[in-house]
Amino acid sequence: MIVAVDGPTASGKGTIARALSAHFGLPHLDTGLLYRAVGRQCLLDGGDPDDPVAALAACAFSEGLLLDPELRSEATGGLASRVSVHPAVRQALFERQRSFATQQRGAVLDGRDIGTIIAPDADVKLFVTASVEARAQRRFDEMRAQGRPVLLEAIAADLAARDERDATRRDAPLAVADGAVVLDTSQLGRDEAVAEAIRIVEAAR
Ligand code: C5P
């Protein structure tokens, strides 16, 4: 069984994908991490993430960064969003994602284009979303809990900018895939959202 989980930043898709992976005993790939590693590598190389040549060059060495703690930061998320615009970068990361999706045991992948491009043949497609306000509040709470000083308004502005870039890029824009079930988590707690996702997968497989 292939489960595709797509959605915008901080919608809860990562939490849901991890929970589905544990519940159904399927390996999980967080594809955002691949783009984050490319963005971070590009920064470390002193390259311009908006330059397709520099961004593509960063792909070759990005795998060495997959355990870098900086990968999860907001700043790296912004870099990921910039390098992910380039078709050559998306192409370079395609095969790795595709072979993960088609391994025999099945898989859960989360990202932006899993149900549309990477695994259009997925058995179950989920599009996890939430209002900008709800997503910004979650990020804010997370960062405050880590003792990091942040402004709610700044997070909301960042999220909105990233959404805009992800949804309007020409190649593989964030979109609800054909046949995807939309799960809006704005009003749901973590456990409720996970339970709902499990129910959707059970019903669809
Ligand atoms: O999901 P996450 O916030 O880790 O993704 C970081 C960025 O990587 C996204 O904003 C998006 O631009 C890009 N991305 C993508 N396609 C994916 C996963 C992530 O373009 N499948």
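Overview of values
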item	result
Any hit, the range 159-169, residues being modelled with pLDDT of 95 or more and on the phi < 0 side of the Ramachandran plot	no
Residues within the range 39-58 that are closer than 20 Å to Glu95 by Cα, surrounded by 23 or more Cβ atoms within 10 Å (Cβ to Cβ) and more than 9 Å from the ligand (Cβ to nearest atom), tallied	3
Test: residue in the range 68-88 that is of a type in the set (Asp, Glu), in contact (Cβ under 8 Å) with a residue 40 or more places away in the chain and either assigned to a loop (DSSP other than H, G, I, E, B) or under 19 Å from Val176 (Cα atoms) (or both)	no
Filtered residues of the range 35-67 (kept if of a type in the set (A, V, I, L, M) and either assigned to a loop (DSSP other than H, G, I, E, B) or assigned by TED's automatic domain parsing to the domain that holds Ile114 (or both))	Ala60, Leu66, Leu67
Residues (farther than 16 Å from Ala177 by Cβ, within 13 Å of the ligand (Cβ to nearest atom) and in contact with a His (Cβ under 9 Å, 6 or more places away or on another chain)) located in the range 1-29	Arg18
Residue within the range 161-171 that is in contact with a helix residue (DSSP H, G or I) (Cβ under 9 Å, 6 or more places away or on another chain) and farther than 30 Å from Phe61 by Cα present	no
Any pair with Cβ under 6 angstrom, 6 or more apart, that starts in the range 151-173 at a residue that is near the ligand (Cβ under 10 Å from one of its atoms) and ends at one that is in a helix (DSSP H, G or I) and not β-branched (Val, Ile, Thr)	Leu159/Arg135; Leu159/Ala136; Arg162/Ser81; Arg165/Ser81; Asp171/Pro87; Asp171/Arg90; Ala172/Arg90; Pro173/Ala167
Unique match (being within 17 Å of the chain's Cα centre (by Cα) and among the aliphatic types (A, V, I, L, M)) among Val53, Val85	Val85
Some residue of the range 77-95 being over 28 Å from Lys125 (Cβ atoms), away from the ligand (no atom under 13 Å from the Cβ) and not assigned by TED's automatic domain parsing to the domain that holds Gln146	no
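The values are calculated or read from the model by the stated rules, or taken from the named source; none is laboratory data. It should be emphasised that the depicted structure is a prediction, and the values quoted were computed from it without experimental measurement. Don't worry about glycine lacking a Cβ; one is built from the backbone with ideal geometry, like all the others, and counts go over all protein chains shown.
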